[in-house]
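Student: After the C-alpha cells below, expect a handful of questions from me.
The values are calculated or read from the model by the stated rules, or taken from the named source; none is laboratory data. All of these numbers come straight from a predicted model, not from anything done at the bench. Cβ placement follows ideal geometry from the backbone for every residue including glycine, while neighbour counts extend to all protein chains displayed. Accessible surface is based on the protein model in full, side chains and every heavy atom, while ligands, DNA and RNA are left aside. Shrake-Rupley method; radii C 1.70, N 1.55, O 1.52, S 1.80 Å.
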Amino acid sequence: MLNEVKIMNERKKMILFSIINSYVNLGEPIGSNSLLNEYSLDISSATIRNEMSTLEKMGLLEKAHTSGGRYPSDKGYRLYVNNLLENSLNEKEDENLEKILDKRYGNVSKIVETATLLLSKMTNLTAVSYTIRNNITKVINLELLKINPNMLLFIAVYDNGSLISDRIYINEEIDDEKLIEISRTLKQNIEGENLKDLAKIFEKIKNSGFKKYENLLDILEKKINNDSLSDLTKEVIIKGLGNIFNFKEFEDPIKAREFIKIFDSKERIWELIENSNNELQITIGDENEINELKDNTIITSHFNYDKDIVGQIGIIGLTRIDYKEVISDIKLISDLLSK
C-alpha cells in the first residue's frame, strides 16, 4: 500500500485526501464542484471528475448511490493512514495531562481508568483499555473484620496489587476476642506464603485449635484462592460509549444498538484489542474480523505501566474519524502511561 501512494501523482493524492477530510468532517459524499469550491483547488471540475473516476477504479473511492458524489473506501482510508504514519505525526505534549496521570497519586486501576476517560473526551469517541498484571502468587495483606453479629468483612491484597473485598455471612456470632485471634492466626500463616501451599496451611490452622470454625475457614480458603483470581490479572475499561451519538450514522437506532451490543461483553473487547503488542495497531473497516465492526476503525497503542503491568489503550469508532488527531491523542496518553 505504501508503494501505491508513492506511485500516485500529487494531484491524485491531493484529491483523495481532500475527499477524506471532507467526509470525516461532514459524513456526506462529495462531488467535483463541491470539492473544487470547498478546497479552492487550482484545477478544473472536469479534471477533478476524471481523477475521482480513476481513484474509484483503483478501489480508493466509492460512489454514492443517491448522488454523483464519492466517499473513501476502506482501502482509501488505509492509504491515507499509512501516508500519515510514513510522514510521521507530530508528537503532542500536555503538562496538565502529565500531572493528572502522575503515577505517584493513584493506583494502576485508577490511573488507567482516568486515562481512558480522558481519551474518550479528547477524541469524542468510545475509548477502551486493558491492563495485564503479573500473575498472583501470594497474599501480602489479609483482614477479617466484624460488620455486625452475622456478617464479616474479608479483605485480601495480592502481590500484583489486586484486591478482593467481600462480605461473609455467618450463622453463629463469633465473639470479638476469638475473631481477633482467628484474624491474627490467618495473617501470621498466610501473608507472604505461596498460594500453592494454601490447602496445607488452612488444614494446619484447623488442627491448631480452630476446628470449630472449619466452615468459616473453608469459605475463606475458597475466597482467597478461587477460579476468579485469573480475572484479577486483567482489567478492561470502556469510556465514552455515548459519544457514538455525535455521529449522524447512529441516528439509526438499529445501527446504534448493534454498536453498543459489542460492548456488552468485556471479554469480547479484550479479544478485540489484546492480540497486539505493537506500539500502534490500526484496523480499518473490513480489516476487522467481526461483522459488527466492518464500518469501524480500532486504534490502540501499547503501554508499559511498570515492569509488571502492561496494556493497550485506544478507541473504537466509525471509519470516518480524524485519524491524525486521534492517533496523536492515543500516542500521547499511552506515552504518559509508560512514563
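Student: What per residue convex hull volume, in Å³, comes out for segment 10-87 when only alpha-carbon positions are used?
Tutor: Dividing the Cα hull volume of segment 10-87 by its residue count gives 90 Å³.
Student: Let me ask something else about it. Which of these, MET52, MET122, MET14, has the largest mean-square fluctuation under a Gaussian network model of the chain (Cα springs below 10 Å)?
Tutor: MET14
Student: Also, quick follow-up: Rounded to the nearest 20 Debye, what is the dipole magnitude of the chain about its Cα centre when Lys and Arg each give +1 and Asp and Glu each give -1 at the C-beta?
Tutor: Roughly 200 debye for the chain.
Student: Here's something else I'd like to know. Per the Kirkwood definition applied to all pairs of different Cα atoms, how many angstroms is the hydrodynamic radius of segment 155-211?
Tutor: On the way: mean 1/r = 0.0772 Å⁻¹.
About 13.0 Å, per the Kirkwood formula over Cα pairs.
Student: Work out the charge dipole of segment 10-87 with +1 on the Cβ of Lys and Arg and -1 on the Cβ of Asp and Glu about the Cα centre, then indicate which of SER40, SER73, LEU26 is farthest towards its positive end.
Tutor: Highest projection toward the positive end goes to SER73.
Student: Also: May I ask you to compute the full-extension gain from ASN107 to GLU325, defined as 0.36 nm times their residue separation minus their alpha-carbon distance, rounded to one decimal in nm?
Tutor: Working: separation 218, 0.36 × 218 = 78.48 nm, distance 2.84 nm.
75.6 nm is the gain from fully extending ASN107 to GLU325.
Student: Also, I was wondering about something else. Would you mind getting me the FRET efficiency between ARG167 and GLU274? Use the beta-carbon distance for r and R0 = 35 Å, nearest 0.05. Mind showing how you got there, number by number?
Tutor: Values: r = 32 Å, r/R0 = 0.92.
So, using R0 = 35 Å, E works out to roughly 0.60.
Student: For the chain, with all protein chains present and a 1.4 Å probe, just round the carbon and sulfur fraction of the accessible area to a whole percent.
Tutor: Details: 8120 of 17840 Å².
Accessible surface attributable to carbon and sulfur in the chain totals 46 percent.
Student: Which angle between 0 and 90 degrees, to the nearest 10, do you get for helix 323-338 versus the longest principal axis of the chain when only C-alpha atoms count?
Tutor: With both axes taken from Cα atoms, the answer is about 30 degrees.
Student: Follow-up. From the phi of every residue in segment 29-41, what ³J(HN,Hα) in whole Hz does the Karplus formula 6.51 cos²θ - 1.76 cosθ + 1.60 yield, where θ is phi - 60° and glycine or proline is x?
Tutor: Working through the residues one at a time gives x, 10, x, 5, 5, 5, 5, 4, 6, 5, 10, 6, 6 Hz.
Student: Sticking with this structure for a sec: In Å², and per residue, what accessible area does segment 35-90 have when probed at 1.4 Å with the other protein chains present? It would help to have the intermediate numbers written out before the result.
Tutor: Details: 2930 Å² over 56 residues.
Accessible area per residue, segment 35-90: 52 Å².
Student: Given LYS110/LYS222; LYS266/LYS324; LYS13/LYS339; LYS57/LYS248, which pairs have Cα atoms separated by over 32 Å? Don't jump to the answer; show the numbers that get you there.
Tutor: On the way: LYS110/LYS222 27 Å; LYS266/LYS324 28 Å; LYS13/LYS339 37 Å; LYS57/LYS248 28 Å.
Long pairs (Cα-Cα over 32 Å): LYS13/LYS339.
Student: With viscosity set to 0.890 mPa s at 25 °C, what whole-number translational diffusion coefficient in µm²/s follows for the chain from Stokes-Einstein and a Kirkwood radius over Cα pairs? Intermediate values should be presented prior to the final figure.
Tutor: Working: Rh = 23.7 Å.
In µm²/s, the coefficient rounds to 104.
Student: Would you mind working out the accessible area per residue for segment 231-307, using a 1.4 Å probe, and quoting it in Å²?
Tutor: Values: 4320 Å² over 77 residues.
With all protein chains present, segment 231-307 gives 56 Å² per residue.
Student: A further question follows. For the chain, what is the relative contact order in percent, using Cα pairs closer than 8 Å and at least 6 residues apart in sequence? The partial results should precede the final answer.
Tutor: Numbers: 482 pairs, mean separation 65.0, N = 339.
This gives 19 percent for the chain.
Student: Given bins 5 angstrom wide, list per bin the percent of all Cα-Cα distances in segment 156-283, short to long.
Tutor: Calculated over all Cα pairs of segment 156-283, the distribution is 2, 7, 14, 14, 12, 9, 8, 7, 8, 7, 6, 4, 1, 0 percent.
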